[in-house]
């Protein structure tokens, strides 16, 4: 079964918050690229959080695992 893609409209709203200007528009291609990046990022963060949980001998990913995965992925820092 194929996965449903992340909806574009919520992504548009978040991008518009970051832009904070009515003078700049967002193309359909930019939204689709954003969706691809977000989906890839979520998969990678999930994988990293899973490894952190397993290293702590747990089968449940917790909030701290996600935060640590985010920190490791973007900042290259380990707790």
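The values are calculated or read from the model by the stated rules, or taken from the named source; none is laboratory data. It should be emphasised that the depicted structure is a prediction, and the values quoted were computed from it without experimental measurement. Don't worry about glycine lacking a Cβ; one is built from the backbone with ideal geometry, like all the others, and counts go over all protein chains shown.
From the list 50, 59, 78, 17, pick out the single residue that is touching a helix residue (DSSP H, G or I) at 6+ places or on another chain (Cβ under 9 Å) and in a helix (DSSP H, G or I). It would help to see each step written out before you state the result.
Details: 59 fails: in a helix (DSSP H, G or I); 78 fails: in a helix (DSSP H, G or I); 17 fails: touching a helix residue (DSSP H, G or I) at 6+ places or on another chain (Cβ under 9 Å).
Only one candidate passes the filter, namely 50.
Among the residues of segment 25-36, is any at pLDDT 95 or above, in a helix (DSSP H, G or I) and farther than 21 Å from residue 4 by Cβ?
no
Let me confirm something: among 57, 62, which residue is closer than 19 Å to residue 78 by Cα, surrounded by fewer than 11 Cβ atoms within 10 Å (Cβ to Cβ) and at pLDDT 95 or above?
57
Any residue in segment 52-79 that's touching a residue at least 24 places away in the same chain (Cβ under 8 Å) and on the phi < 0 side of the Ramachandran plot: show its pairings with residues that are outside any helix (DSSP H, G or I) and surrounded by 10 or more Cβ atoms within 10 Å (Cβ to Cβ) at Cβ separation under 9 Å, as long as the two are six or more apart or on different chains.
If the second residue must be outside any helix (DSSP H, G or I) and surrounded by 10 or more Cβ atoms within 10 Å (Cβ to Cβ), the pairs left are 69/61.
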